[in-house]
């Protein structure tokens, strides 16, 4: 028996306004009750976290802020799951949420062979499979840019199936998502450049990044 992934309540805490808004749109389109904010000091005041299923942190949220929010949210809601966003790519973040809220393991194995840039599937039974790739095209804060491509979308029979990523997918700041029935897995293809990861502030007092427009959505928005 296949049980579909269970949409739930999601809050995305990040920095880039457009990434946050696009992520909320993507999650709501998939049935999630999703909101987002970059008002780090107002998260617990602006949002009811007691019924939250998943809280996603963006990469530019200060480390001490994440620690404080984990403690504050968990004190109000011990069952919440925390997800660290891999990059400021709305579709990728939505895939990470789907992976975190999945209610059934895949009927087989899903893996990624980094040396061969190949998704390796071993299906216990026939099923529908999609492989999506995302990658960054600009790292300029506060609004990184990205693109994506559908690598594979079709039915596969039981047994092993390699799906190689096209050369178009770069080896830097790139990711792949694999969906087999209701199960979702996300892999890093190429890591973010060190120059980008070094921008992440360690504390809320670190002001190395430019100021951004404040965003705090509510579920009755739009």
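The values are calculated or read from the model by the stated rules, or taken from the named source; none is laboratory data. Every value quoted in this text rests on a predicted model; they were computed, and no experiment measured them. Reconstructed Cβ throughout: ideal geometry from the backbone, glycine too, with neighbour counts over all protein chains shown.
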Worksheet entry | Filter result for residue 23 (in contact (Cβ under 8 Å) with a residue 40 or more places away in the chain, over 29 Å from residue 181 (Cα atoms) and part of a helix (DSSP H, G or I)) | no
Worksheet item: Does segment 26-46 hold any residues that are buried (at least 22 other Cβ atoms within 10 Å of the Cβ) and either in a helix (DSSP H, G or I) or free of Cβ contacts under 8 Å to residues at least 60 places away in the same chain (or both), and which are they?
Response: 27
Worksheet item: Which of the residues spanning segment 165-185 are in contact (Cβ under 8 Å) with a residue 60 or more places away in the chain and farther than 25 Å from residue 108 by Cα?
Response: 173
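Yes or no, residue by residue, for (1) closer than 19 Å to residue 61 by Cβ; (2) at pLDDT below 95:
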| site | (1), (2) |
| --- | --- |
| 151 | no, no |
| 155 | no, no |
| 158 | no, no |
| 174 | no, no |
| 197 | yes, yes |
| 211 | yes, yes |
| 216 | yes, no |
| 219 | no, yes |
Worksheet entry | Candidates 84, 68, filtered to the one that is closer than 22 Å to residue 18 by Cα and without any contact (Cβ under 8 Å) to a residue 40 or more places away in the chain | 84
Discussion item. Is it the case, given these coordinates, that residue 52 is touching a strand residue (DSSP E or B) at 6+ places or on another chain (Cβ under 7 Å), within 30 Å of residue 205 (Cβ to Cβ) and either free of Cβ contacts under 8 Å to residues at least 12 places away in the same chain or not in a strand (DSSP E or B) (or both)?
Written reply: yes
Item to complete: Answer yes or no: is there a residue in segment 143-157 that is without any contact (Cβ under 8 Å) to a residue 40 or more places away in the chain, over 22 Å from the mean Cα position of the chain (by Cα) and not in a strand (DSSP E or B).
Response: yes
Worksheet item: What about residue 72, is it modelled with pLDDT of 95 or more and surrounded by fewer than 19 Cβ atoms within 10 Å (Cβ to Cβ)?
Response: yes
Worksheet entry | Enumeration of residues in segment 104-126 that are part of a loop (DSSP other than H, G, I, E, B), surrounded by 14 or more Cβ atoms within 10 Å (Cβ to Cβ) and either without any contact (Cβ under 8 Å) to a residue 60 or more places away in the chain or over 21 Å from the mean Cα position of the chain (by Cα) (or both) | 107
